[in-house]
1. Which one is modelled with the lowest pLDDT, of the residues in segment 25-42 that are exposed (fewer than 13 other Cβ atoms within 10 Å of the Cβ) and part of a helix (DSSP H, G or I)?
2. Output the number of residues of segment 43-75 satisfying the condition of being part of a loop (DSSP other than H, G, I, E, B) and either under 26 Å from V27 (Cα atoms) or of a type in the set (D, E) (or both).
3. How many residues does segment 43-55 contain that are surrounded by 11 or more Cβ atoms within 10 Å (Cβ to Cβ) and over 26 Å from F20 (Cα atoms)?
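The values are calculated or read from the model by the stated rules, or taken from the named source; none is laboratory data. Remember, it's a predicted structure, so these values are computed and weren't measured experimentally. Don't worry about glycine lacking a Cβ; one is built from the backbone with ideal geometry, like all the others, and counts go over all protein chains shown.
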Amino acid sequence: MKTESLSTRTKIWELIKVPFLAFDKKVDGAATFFVKNYGKTRFMIAMSKKVQYLGIEKLWDKGPKAFIYFFLFYLVRDTILYIVIPILFAKATTS
């Protein structure tokens, strides 16, 4: 039984893997980077390090546009993760 499900998973993975890697090659590895870093872009990782180093206040002084992008990224991400998904899950399981 386990070998059947394992082989099925392997077949599905192979079907998904080839188009994903082709797409990833077209975007210079950005797709695998995005998946490996849980949805963060290179810019967001750099901004996170700047926030850790400078602090929020000095980041605003350095560039309000970058600060706003940083803030909105986390606002949208956290809203989806902690508000929208639980509401949808609750609606799906209670009705």
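1. Looking only at segment 25-42, we keep the residues that are exposed (fewer than 13 other Cβ atoms within 10 Å of the Cβ), and these are 25-29, 35-39, 42.
Next cut, part of a helix (DSSP H, G or I) only: 25-26, 35-36, 42.
Values: K25: 87, K26: 86, V35: 77, K36: 81, R42: 80.
That would be V35.
2. Within segment 43-75, residues that are part of a loop (DSSP other than H, G, I, E, B) and either under 26 Å from V27 (Cα atoms) or of a type in the set (D, E) (or both) number 0.
3. Count: 6.
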